[in-house]
Each structure stands twice: as structure tokens, then as C-alpha cells.
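These notes concern the structure reproduced below.
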Amino acid sequence: MNLQDFEAQYREAMAETLNELQTAVLLLAQVQQKISTIGSSVQNLSERVEEFIANQKAE
């Protein structure tokens, strides 16, 4: 392997690794958004259940 081949392989591997890193970062952002959405849903559901329970006790 000569220097040019080595350089080409290095650049290709680096580009591929950086693309994979970018993909992972984008997936992480999607996961964070999904976790936030699920958290809001759980909080909303909890509030509704608590309200229902309070109303049942009041009757």
C-alpha cells in the first residue's frame, strides 16, 4: 500500500465514521423528543386519573 492508497482509505473511513456520528446525533435528538412527548402524555394521564379519583371520592 502506498501513501496515496493509505490517504484515500483514511479519508473514506473518516467520512463514513463522521456520517455515522451525525446519524447517531440525529437519532438521539429524535429519542429525546419522543421521551419528552411520552413524559407529557404520562403527566397528562396522571392528572386526569387524579382528578377522576378526587371526583369519585367527592360523590
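Here, each number is a calculation from the coordinates, and none is a lab measurement. None of these values were measured; they are calculated from a predicted model. Here the Cβ is made from the backbone with ideal geometry for all residues, glycine too, and neighbour counts use every protein chain on show.
Rounded to the nearest 10 degrees, the inclination of helix 3-58 to the longest alpha-carbon principal axis of the chain is 0 degrees. Here each label is just a point 7 Å from Cα along the line to Cβ, and for Met1 and Lys34 those points are 3.7 nm apart.
Here r is the Cβ-Cβ distance between Ser46 and Ala15 and R0 is 35 Å; the resulting FRET efficiency, rounded to 0.05, is 0.15. Global dimensions of the chain from alpha-carbon coordinates: Rg and Dmax equal 25.4, 85 Å.
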